[in-house]
1. Points 7 angstrom from Cα along the Cβ direction at Asn30 and Glu2: gap in nanometres?
2. What number, rounded to the nearest 500 deg cm²/dmol, is the helix-based mean residue ellipticity at 222 nm of the chain, given -39500 (n - 2.57) per DSSP H run of at least four residues and division by all its residues?
3. Could you work out the Kirkwood radius for the chain, taking every pair of different alpha carbons, averaging 1/r and inverting it, reported in Å?
Amino acid sequence: GEIVQRVRDGRLRTVIGRVADLDDAVTALNPAQRPKGKTIIRVRP
């Protein structure tokens with residue numbers, strides 16, 4: 001509950017670097033090509 005409240009208050013943020021489909025997960029997680037921030041793998045269309 002505390003984490004949800006922090007997100008709602010704007011006190012907790014996540015930096016998303018890239019969103020990739022499951023088919024591109026291996027390429028997206030390649031350490032040589034990863035941008036700063038979290039890589040999100042989309043598993044549903």
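1. If labels sit at Asn30 and Glu2, their model points lie 4.1 nm apart.
2. -6000 deg cm²/dmol
3. By the Kirkwood definition, the hydrodynamic radius is 12.0 Å.
Readers should treat all values here as calculations from the given coordinates under stated rules, not as data from a laboratory. Being a predicted model, the structure only gives us computed values, none of them experimental. Note that we place each Cβ from the backbone using ideal geometry, even for glycine, and neighbour counts take in every protein chain shown.
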